Each structure stands twice: as C-alpha cells, then as structure tokens.
Amino acid sequence: MSLNESPIRIKSFQFACEIVIYCDKLKENKDFELASQLLKSGTSIGANTREAQREVSKKDFKNKFGIALKEADETIYWLEILEATGRVVPKDMKNKCEELIRILVAIIKNS
C-alpha cells in the first residue's frame, strides 16, 4: 500500500474537507472565532499524519502522530462546545473524529 492509500491519510483528508465546508457555514452565521478554532484543529489532524508518514526517525513518527491525536481531541472539544451552545453539527462529524482518534491510538501503540 502506498502512502497515498493509507486509511489514516484518506480518512483524515476527507474529514478535513468536511471541516472546511462546515466552518464556511459557521462563518456565514457569524461564528468566526469558533470556526477558526475548529478549522485549525480539524485540518491539522491530516497535516500531521501526512508529515508523520515522511518521518526522519521513529521518534519523529510517533511525535507527529501524537500531535495529530491531540488535534483530534481538541476537535472533539470544539464540536462539543458547538453542540452545547445550540449549533447544528453535521451528522456523524463527531463519530468520524472519534474514529480518527481510535486509528491514531492504534498507530501510536503499534509503532
């Protein structure tokens, strides 16, 4: 399997695209600050997994996936804030992020 076909790379990229689209809708509703925070954390998951796959050492590999895991956890936090304050969060967005967390934990444990 090539790097471009790895499940974490595909899923984190697809999730980032969904985050971008959702944040555009948040901005339309003047939720600029929340959109900014969510956009940063939600797209950083994929960026860090991509960087990890070009690692220079095992330590660097685990570190980048660890950062991606932290960003995924932060993304869940922002989604929970949005839900708790009455914003409509797209169906399954939180579940998709939790799936990314499970994959990232498995990668870190097995590396």
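Read-outs throughout are calculated quantities, based only on the coordinates presented, and are distinct from any laboratory measurement. Everything numeric in this text was worked out from a predicted model, so none of it was measured. Every residue, glycine among them, receives a Cβ derived from its backbone with ideal geometry; neighbour counts consider all protein chains shown.
Give me the dipole magnitude in Debye, nearest 20, for segment 7-110 about the Cα centre, with unit charges on the beta carbon: positive for Lys and Arg, negative for Asp and Glu. Write out the running numbers ahead of the final one.
Numbers: 19 positive and 16 negative charges, 94 e Å.
Around 460 debye, computed over segment 7-110.
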Practice task
Return the lysines within reach of Lys40: Cα separation strictly under 18 angstrom, same-chain partners fewer than 8 residues apart disregarded; answer none if there are no such residues.
Solution key: Lys11, Lys25, Lys27, Lys30, Lys64, Lys70, Lys94, Lys96
Fill in the blank from the handout: If one compares the long axis through the Cα atoms of helix 93-110 with the longest principal axis of the Cα atoms of the chain, the angle in degrees, nearest 10, works out at 20
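Below 10 angstrom from the Cβ of Phe15, what's the summed charge of the other residues (Lys, Arg +1; Asp, Glu -1)? All intermediate terms of the calculation are to be shown ahead of the outcome.
Details: positive: Lys11, Lys96; negative: Glu18, Glu99.
Every neighbour counted, the sum reads 0.
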Handout entry: Peptide ranges 94-100, 39-45, 80-86 listed from the most packed, as the mean C-beta count within 10 angstrom indicates
Key = 39-45, 94-100, 80-86
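Could you please report the charge total around Gly46, scoring K, R as +1 and D, E as -1 over all other residues with beta-carbon less than 13 angstrom from its beta-carbon? Before the final figure, lay out each step's value.
Numbers: positive: Arg9, Lys11, Lys40, Arg50, Lys64, Lys96; negative: Glu18, Glu51, Glu71.
It works out to a net charge of +3.
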Handout entry: the chain: angle of helix 32-52 to the longest principal axis, Cα-based, in degrees nearest 10
Key = 10
Fill in the blank from the handout: Relative contact order of the chain (C-alpha contacts under 8 Å, at least 6 apart) in percent is 27
Practice task
Divide by every residue of the chain the summed helix terms, -39500 (n - 2.57) for each DSSP H run of at least 4, and state the resulting mean residue ellipticity at 222 nm, rounded to the nearest 500 deg cm²/dmol.
Solution key: -27500 deg cm²/dmol
Handout entry: Helix 58-84 axis, angle to the chain major axis (alpha carbon atoms, nearest 10°)
Key = 20
Exercise for the section: Quick one: give the max-minus-min coordinate of the C-alpha atoms of the chain along each principal axis, largest first, in Å. Expected result: 43, 22, 21
